[in-house]
Amino acid sequence: MKFSRQKTLALEIALFRANVNSRSMPHSTVLVWFRNDLRLRDNETLTRAIESSRVVVPVYVFDERWFGATRFGFKKTGAFRAKFLLETVADLKRNLQRLGSDLAIRVGKPERLLVELARDLRADAVFFSEESTDEELAVERELKRALTAQGIAHRSFWQTTLYRKEDLPFSVERLPDVFTTFRKQAEKFAKVRSTFPAPTRLNPLPPIDLGKLPTLAELGLDEPPSDARAVLRFKGGESEAWKRLDEYVWQTDSLKRYKETRNGLLGANYSSKLSPWLANGAISPRAIFEEVKRYEQERVSNESTYWLVFELLWRDYFRFLSLKCGNRIFKKRGIKNQPVDLRQDEATFRAWAEGRTGVPFIDANMRELSATGFMSNRGRQNVASFLVKDLKIDWRMGAEWFESLLIDYDVASNYGNWNYVAGVGNDPREDRYFNPIRQATMYDPNGDYVRHWIPELKCVPAPLIHEPSKLSPMEQTLYGARIG
């Protein structure tokens, strides 16, 4: 008798399950849905699944909705971040294979595909990491509903922050309105838990269609440009994350100077550049915290080593804030429900996005973003302030542009920071403004950064390079017309 491939696979699964059930475990088969936790080390979801089941089936789903358009018509996931994500998933798959397992890959809607896979494998449960913002939470709710309807259990784990929600000295609903208050109370009363070790072995997968890693073209994207002027060659994956951490902390000893160099603009090591790997969970904040503590014990403990942890706390704060405030972080009035007089002007916005405002420091940063998918923290604050405070453009357009282009896009941090800059967030300082000329002369005094990204200004002397009004008519012609 000739069986179809589907019937053959079903028979193989049944035989595999019968063999598994001969061993005593709380669950026979658990699906582990990898989300923004694309790592083996310090992954509680994976660890708990291994502890409670004989067979763990790792799964990753490229949600088709990620590759649509934003409200203002930008690509929701641009080519830089998509390529980095593909590299990360490929690395996760290789690492699982080394343990004797593999990664099932799907493209579509997780809340449907995971239920179908769990049903086909007759899995007992689906384990996954919890997220904090609307689109991700909606998927979680629908997945839980569908699993429950099928009689399949589910467990979720909070593992995106340095501090666990339940370890904070206050509930998320009572999160302080000011970051400094949050930081001081968390540091005083909460403790950072130890990381979970990476597994050393996994049981083989049951018979399963593993699927394949999609290409950029299949996701509707072109290969992103490669620019030799980029601060770093960002490559996705847990393996690369640990290489970068080792390079920054141990090989170059850059951590001990972080507080002094963190506002830099050029070069690989003015900051850790770990944000892309943190954003998709190729490395955890707790793992970085432990490495900082080891560095403090073995080499030096100073303001700089603390300041890297300080930045991780900002990341925590925005994540908890997104839980507390919900969809308000995406609204024009923001967290404070504050009216703002901002407009949506396509031509003005495009000039900003393409680095054609006529303000060299702003344009250099925007050109770096377009060419590489990355921009320094100092640059982000300045270009965001300029869009909102100088050009009077709806801050949500800028937030969505960052969402599309940034290789290290993190929804809570991105929208939390834009709320801050726009004056609709939890900023204790009213009307915060970054004067681009003053900022440029402070952080790029000789114009090296501007010349790096705007080579047509390479001959302009330092005293004039940041002030377009002082350029000669010929220089202004070479540079392009100013806006306003």
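The values are calculated or read from the model by the stated rules, or taken from the named source; none is laboratory data. Just so we're clear, the structure is a prediction, and the values are computed from it rather than from any experiment. Cβ: placed from backbone, ideal geometry, glycine included. Neighbour counts: every protein chain shown. Accessible surface areas use protein heavy atoms only, side chains included; no ligands, DNA or RNA. Shrake-Rupley method; radii C 1.70, N 1.55, O 1.52, S 1.80 Å.
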When you check M366 against the structure, is it under 26 Å from the mean Cα position of the chain (by Cα) and in a helix (DSSP H, G or I), yes or no?
yes
For N426, state whether it is within 24 Å of D394 (Cβ to Cβ) and in a helix (DSSP H, G or I).
no
Of the conditions (1) touching a residue at least 60 places away in the same chain (Cβ under 8 Å); (2) more than 24 Å from S413 (Cβ to Cβ), R262 fails just one. Which one is it?
(2)
Mind checking which residues of region 136-152 are over 13 Å from R35 (Cα atoms) and out of contact with any helix residue (DSSP H, G or I) (no Cβ under 7 Å at 6 or more places or on another chain)?
A138, R141, K144, R145, T148, A149, G151
Test result for K324, within 24 Å of N414 (Cα to Cα), in a helix (DSSP H, G or I), touching a Phe, Trp or Tyr at 6+ places or on another chain (Cβ under 6 Å) and basic (K, R)
no
Quick one: in region 231-280, of everything that is among the β-branched types (V, I, T) and assigned to a loop (DSSP other than H, G, I, E, B), which residue is nearest to F361 (Cα to Cα)?
V231
Would you check if R333 is at pLDDT 95 or above, farther than 19 Å from D177 by Cα and open to solvent by 10 Å² or more (accessible area, probe 1.4 Å)?
no
Out of L113, L99, sole residue that is open to solvent by 10 Å² or more (accessible area, probe 1.4 Å), within 18 Å of A146 (Cβ to Cβ) and among the aliphatic types (A, V, I, L, M)
L113
Within region 327-353, can you find the residues that are outside any loop (DSSP other than H, G, I, E, B), within 30 Å of N36 (Cα to Cα) and in contact (Cβ under 8 Å) with a residue 60 or more places away in the chain?
N327, I329, F330
Residues of region 361-384 satisfying the condition of being at negative phi, among the small types (G, A, S) and crowded, with 20+ Cβ neighbours inside 10 Å
A364, S376, G379, A384
How many residues are open to solvent by 10 Å² or more (accessible area, probe 1.4 Å), of a type in the set (G, A, S) and either part of a loop (DSSP other than H, G, I, E, B) or in contact (Cβ under 8 Å) with a residue 40 or more places away in the chain (or both) if we restrict to region 429-462?
0
Selection from region 416-464 of residues that are under 30 Å from P339 (Cβ atoms) and of a type in the set (V, I, T)
V421, V424, I437
Name the pairs: first residue in region 198-217 and of a type in the set (G, A, S), second residue assigned to a loop (DSSP other than H, G, I, E, B) and open to solvent by less than 30 Å² (accessible area, probe 1.4 Å), Cβ to Cβ under 6 Å, at least 6 apart or on different chains?
A198/L40
Looking at region 54-95 only, could you name the residues that are open to solvent by less than 50 Å² (accessible area, probe 1.4 Å), more than 27 Å from T29 (Cβ to Cβ) and of a type in the set (D, E, K, R)?
K76, R81, E87
Could you run through region 143-165 and say how many residues are open to solvent by 20 Å² or more (accessible area, probe 1.4 Å), within 23 Å of the chain's Cα centre (by Cα) and over 22 Å from V55 (Cα atoms)?
2
